[in-house]
Amino acid sequence: MLTADSPADGNLSTPNRLSPEVVATAKVVWSDQATAKKIASNALEIITNANKRENAFFSGKSSRGLIGGLFYILGFRYDAEKKQKELAEKLGTTDVTIRAAYRKWLEEFPDLFTDVSDKITNNNNHNHFPPFNQL
């Protein structure tokens, strides 16, 4: 669940504000705290990298969606996959928001996720969702 320090409208002003939110949310999503810590750390690295490359990526976007989409992807990286609906429930958003956000991450920064894009595509084909690159 998002922290009380989150902006009231759920939008990001700067990725730096996400740090406590990412860490706290990862601990809620993954009961294994070692996994939560690894995913939170990697998420913060990716957010920092993405912000340096494309600052507008974060403008006006919901932190719930961005974090949820990134967590969905990183779950595959760390063999700790979560269903979109489960992430949505824990983050207080919808699975449609999670799906749109992870696709946006993959479209905007494919080089950051080369190690997991095939896993995600295969998972989505299995679940009858179109792959992110066929939208």
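The values are calculated or read from the model by the stated rules, or taken from the named source; none is laboratory data. Since this is a predicted model, take the numbers as computed values, not measurements. Here the Cβ positions follow ideal geometry from the backbone for every residue, glycine too, while neighbour counts run over all protein chains shown. Accessible surface is based on the protein model in full, side chains and every heavy atom, while ligands, DNA and RNA are left aside. Shrake-Rupley method; radii C 1.70, N 1.55, O 1.52, S 1.80 Å.
Can you tell me which residues in segment 26-67 are over 19 Å from Phe113 (Cβ atoms) and of a type outside the set (A, V, I, L, M, F, W, C)?
Residues satisfying the conditions are Lys27, Ser31, Asp32, Gln33, Lys37, Asn55, Ser59, Gly60, Ser62, Ser63, Arg64.
I'm checking my understanding of the structure. Among residues of segment 26-36 that are out of contact with any helix residue (DSSP H, G or I) (no Cβ under 6 Å at 6 or more places or on another chain) and in contact (Cβ under 8 Å) with a residue 24 or more places away in the chain, which one is least open to solvent (accessible area, probe 1.4 Å)? Outline the logic, then answer.
To start, the set of residues in segment 26-36 that are out of contact with any helix residue (DSSP H, G or I) (no Cβ under 6 Å at 6 or more places or on another chain) comprises 31-35.
If we keep only those that are in contact (Cβ under 8 Å) with a residue 24 or more places away in the chain as well, we get 32, 35.
Details: Asp32: 81, Thr35: 19 Å².
Top of the filtered list is Thr35.
For segment 18-62, name all the residues that are in contact with a strand residue (DSSP E or B) (Cβ under 7 Å, 6 or more places away or on another chain) and not basic (Lys, Arg).
Of the residues in segment 18-62, the ones in contact with a strand residue (DSSP E or B) (Cβ under 7 Å, 6 or more places away or on another chain) are 60-62.
The answer is Gly60, Ser62.
What is the residue count in segment 92-111 for residues that are touching a residue at least 24 places away in the same chain (Cβ under 8 Å) and either more than 14 Å from Arg77 (Cβ to Cβ) or open to solvent by 30 Å² or more (accessible area, probe 1.4 Å) (or both)?
Of segment 92-111, the ones touching a residue at least 24 places away in the same chain (Cβ under 8 Å) are 92-93, 97-109.
Remaining after also requiring either more than 14 Å from Arg77 (Cβ to Cβ) or open to solvent by 30 Å² or more (accessible area, probe 1.4 Å) (or both): 92-93, 97-101, 103-104, 107-108.
Summing the residues that are touching a residue at least 24 places away in the same chain (Cβ under 8 Å) and either more than 14 Å from Arg77 (Cβ to Cβ) or open to solvent by 30 Å² or more (accessible area, probe 1.4 Å) (or both) in segment 92-111 gives 11.
Select from segment 37-89 the residues that are polar (S, T, N, Q) and not in a helix (DSSP H, G or I) and write down the one among them that is surrounded by the fewest Cβ atoms within 10 Å (Cβ to Cβ).
Of the residues in segment 37-89, the ones polar (S, T, N, Q) are 41-42, 48-49, 51, 55, 59, 62-63, 84.
If we keep only those that are not in a helix (DSSP H, G or I) too, we end up with 59, 62.
On the way: Ser59: 10, Ser62: 20.
The qualifying residue surrounded by the fewest Cβ atoms within 10 Å (Cβ to Cβ) is Ser59.
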